[in-house]
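Scroll down for the structure; my scribbles are underneath it.
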Amino acid sequence: MSDNDKPIPPVEGSVRKHVYDGIEEFNKRLPNWWLFTLYITIAFSIGYWFYYAQSGLPLSDGEKVELEIARIQTAKLTTDLVIDDASLWAMSENTALVVAGRETYDSLCAACHLTSLKGKSESPVAIGPDLTDDEWVHGGEPLALYKVVDEGVLAKGMPPWGPTLGVQKTAEVVAYVLSFHDAP
Ligand code: HEC
């Protein structure tokens, strides 16, 4: 006796009204495990939608990419650090390095150049010149600024910072000053 010859067991429940190609369909309730799975996915989708689309808590993909690019740029600029005009301008556009430079500036330079960087032009008490205008005693190119900060101008009261700060921190503080200016 083949499978086809077995008697079809009786099915409980009514038959639905439509017929297709002679096929009829029982009106059966969906099994509980199936309904349960459906309700769970609906509840999950609401939580998911709220967390990702409404709450503003997780970083968007775009923000993650930007963070990663900034991290790579910072790493690139600080490994095998090259001190030339182009790389100092590039550092002045990198938020992480400029923030680091500002910390150094506020603790070591603000006494003479003021936290506003405006120095003498803001207050007669300040002895350092304005670092935000375009008038420079020693030239406004990034390398010229680096040289003054690194070696100082002792006779005029500007201490040399290179020996205390080292290359990386000197470059950062110059990048901070440059961030007040527009790259050519
Ligand atoms: C003790 C006071 C003093 C401190 C602290 C000081 N400076 Fe100066 N700075 C001066 C003076 C004075 C000059 C002007 C030098 C000159 O006329 O040759 C100057 C000049 C400069 C110049 C060149 C400006 C130009 O017009 O060419 C830069 C750049 C500069 N300082 C940056 C810094 C940075 C960055 C720091 C902190 C790491 C710093 N200075 C800390 C007093 C100071």
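Just for the range 131-162: of the residues that are near the ligand (Cβ under 6 Å from one of its atoms) and without any contact (Cβ under 8 Å) to a residue 24 or more places away in the chain, which one is surrounded by the most Cβ atoms within 10 Å (Cβ to Cβ)?
Taking the candidates together, the pick is Val148.
Is there a residue in the range 56-78 that is under 30 Å from Trp161 (Cα atoms), in the same structural domain as Thr164 (by TED's automatic domain parsing), in contact (Cβ under 8 Å) with a residue 60 or more places away in the chain and not charged (D, E, K, R)?
So far as the range 56-78 goes, yes, one or more of its residues are under 30 Å from Trp161 (Cα atoms), in the same structural domain as Thr164 (by TED's automatic domain parsing), in contact (Cβ under 8 Å) with a residue 60 or more places away in the chain and not charged (D, E, K, R).
Can you pull out every residue in the range 7-26 that is surrounded by 10 or more Cβ atoms within 10 Å (Cβ to Cβ) and either outside any strand (DSSP E or B) or in contact with a Lys or Arg (Cβ under 8 Å, 6 or more places away or on another chain) (or both)?
Residues satisfying the conditions are Glu24, Glu25, Phe26.
Could you identify the single residue in Glu68, Glu25 that is at pLDDT 85 or above and closer than 24 Å to Gly101 by Cα?
Glu68
Residues being within 6 Å of the ligand (Cβ to nearest atom) and without any contact (Cβ under 8 Å) to a residue 24 or more places away in the chain: count how many of those fall in the range 109-130.
Residues meeting the conditions: 3.
Val99 is checked against (1) exposed (fewer than 14 other Cβ atoms within 10 Å of the Cβ); (2) β-branched (Val, Ile, Thr); (3) over 30 Å from Glu68 (Cβ atoms); (4) touching a helix residue (DSSP H, G or I) at 6+ places or on another chain (Cβ under 9 Å) and fails just one. What number does that condition carry?
Among (1) exposed (fewer than 14 other Cβ atoms within 10 Å of the Cβ); (2) β-branched (Val, Ile, Thr); (3) over 30 Å from Glu68 (Cβ atoms); (4) touching a helix residue (DSSP H, G or I) at 6+ places or on another chain (Cβ under 9 Å), Val99 violates only (3).
For the subset of the range 66-96 comprising residues that are loosely packed, with under 14 Cβ neighbours inside 10 Å and charged (D, E, K, R), which member is nearest to Pro159 (Cα to Cα)?
Checked the range 66-96; the qualifying residue nearest to Pro159 (Cα to Cα) is Asp84.
Take the range 116-149 and flag every residue that is among the polar types (S, T, N, Q) and either outside any loop (DSSP other than H, G, I, E, B) or within 16 Å of Thr170 (Cα to Cα) (or both).
Ser121
Which count do you get for residues in the range 67-115 that are in a helix (DSSP H, G or I) and out of contact with any Ser or Thr (no Cβ under 7 Å at 6 or more places or on another chain)?
Here the count works out to 31.
The values are calculated or read from the model by the stated rules, or taken from the named source; none is laboratory data. Just so we're clear, the structure is a prediction, and the values are computed from it rather than from any experiment. Backbone-built Cβ (ideal geometry, glycine too); neighbour counts: all protein chains shown.
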